[in-house]
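All remarks here apply to the structure that follows.
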Amino acid sequence: MNELTKIGKKRTILISISILLVSIHTIYFYHSVRPEIESKKLITQLIRFVLTVGLLIMVYKGKNWAKIISIVLFSLGLLGALIALGTLETPFINKVPLLVMIFVYSMAIYHFGFAKSFKEFFKYQNSETGIKETFQDSKQLMESEKFWKIIETTKSKSLGDYENQQSELEKELSKLTANEVLEFDNKFRTLRGEVYNWNFWAAAYIINGGCSDDCFSDFRGWLIGQGQLIYENAIKNIETLTELKETNDGDWEGLSYIATDVYEKKTGNDMPQGIQENFEITGEEWEEDENDLKKRFPKLYTKFGME
């Protein structure tokens, strides 16, 4: 479950609780201003309350029909509250519950109908309620030919747009079994670990004008996304990266997380450990000094405007 999905889940729960509290207060207020409780009316209200609880549970579970009914009912409730607010001749303090109702119903309509976080949570819940594939803890790597074919396909379809490439990779991985997705991720992390090297960090540093640990991890994931030829040529000679026509302005985050998201949607479980990625950096360390970088990587230094 990604961060946006978690936000959608949290807000769905909070809005649902708010709606139920409004319903409880409405029932209480109705009977508190009357000399005695109207039993039939109370029973009707309690039945409606139970139905509302059930409807919100179905919305939480990702049922589209429940979402549509909820939006319609909350819209009608909002309209009724607005009419009451404008027509009731009563002190302002007595109108506060109506204002709260208007606010809660408005938030519910927006959240269920338009919020990106709810759409992500709704999509996640629908994937969760489907038939899940079995999974196994595997350290098997995807074959290189198959792996690079997937990468090249996503790069070709995205026409060089890195954000689109992430979407295309999600589509391609969704066609695989859960275990194949795990094998893809194992291969991806193996390749990323193989270039955990000072020369590659220097390249990322020069291209981006600085590069932290996280930035370097994202850079290596992005580099894999550029395809087999660019990746393998860079291993042979890091300065072949001067042939890159586009570096996405250093915005390299994203590709590394796609397999994990797809796996979770397919299985309803977190991605298992798989292989252990290499975190022992290799090569000769460089100094964060222009002269040292310029001397050791002259072509990269010239190409990416640090001279």
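No value in this document is a laboratory result; all are computed from the given coordinates. Quick caveat: nothing in here was measured; it's all calculated off a predicted structure. Methodologically, a virtual Cβ is constructed for each residue, glycine included, from the backbone with ideal geometry; neighbour enumeration extends over all protein chains shown.
Say the cut-off is 24 Å between C-alpha atoms; which of LYS10/LYS40; LYS10/LYS171; LYS67/LYS265; LYS119/LYS265; LYS119/LYS245 go over it?
Working: LYS10/LYS40 36 Å; LYS10/LYS171 27 Å; LYS67/LYS265 21 Å; LYS119/LYS265 15 Å; LYS119/LYS245 36 Å.
Checking Cα-Cα distances, LYS10/LYS40; LYS10/LYS171; LYS119/LYS245 exceed 24 Å.
Taking H placed 1.01 Å from N in the peptide plane, check which residues at least 5 places from TRP252 or on another chain put their amide H under 5 Å from its amide H.
The list, which skips near neighbours in sequence, is empty: none.
Cut-off is 10 Å between beta-carbons; in what order do LEU14, LEU98 appear when sorted fewest neighbours first?
Values: LEU14 12, LEU98 19.
Going from sparsest to densest Cβ surroundings: LEU14, LEU98.
Just flag the trypsin sites (Lys or Arg not before Pro) in the range 226-288 sitting in loop per DSSP whose Cβ has no more than 10 other Cβ atoms within 10 Å.
On the way: sites: LYS236, LYS245, LYS265, LYS266; in loops: LYS245.
Hits after loop and neighbour filter: LYS245.
Return the calculated 222 nm mean residue ellipticity for the chain, to the nearest 500 deg cm²/dmol, obtained by summing -39500 (n - 2.57) across DSSP H runs with n ≥ 4 and dividing by the residue count. Can you show the working numbers first?
On the way: 14 runs with 213 residues, N = 307.
When only DSSP H runs of four or more count, the value is -23000 deg cm²/dmol.
With Cβ to Cβ distances under 13 Å as the rule, what net charge do the other residues near TRP286 carry (K, R +1; D, E -1)? Display every interim value, and only then the final one.
On the way: positive: LYS294, LYS295, ARG296; negative: GLU284, GLU285, GLU287, GLU288, ASP289, GLU290, ASP292.
In short, -4.
Taking the Cβ of each residue in PHE29, PHE118, PHE103 as the centre, tally the other Cβ atoms inside 10 Å and list the residues starting with the fewest. Display every interim value, and only then the final one.
Values: PHE29 11, PHE118 24, PHE103 14.
In increasing order of surrounding Cβ atoms, one gets PHE29, PHE103, PHE118.
Give the aspartates and glutamates whose C-alpha is closer than 16 Å to that of LYS236, dropping any in the same chain fewer than 8 places away, or say none.
Partners found: GLU194, GLU284.
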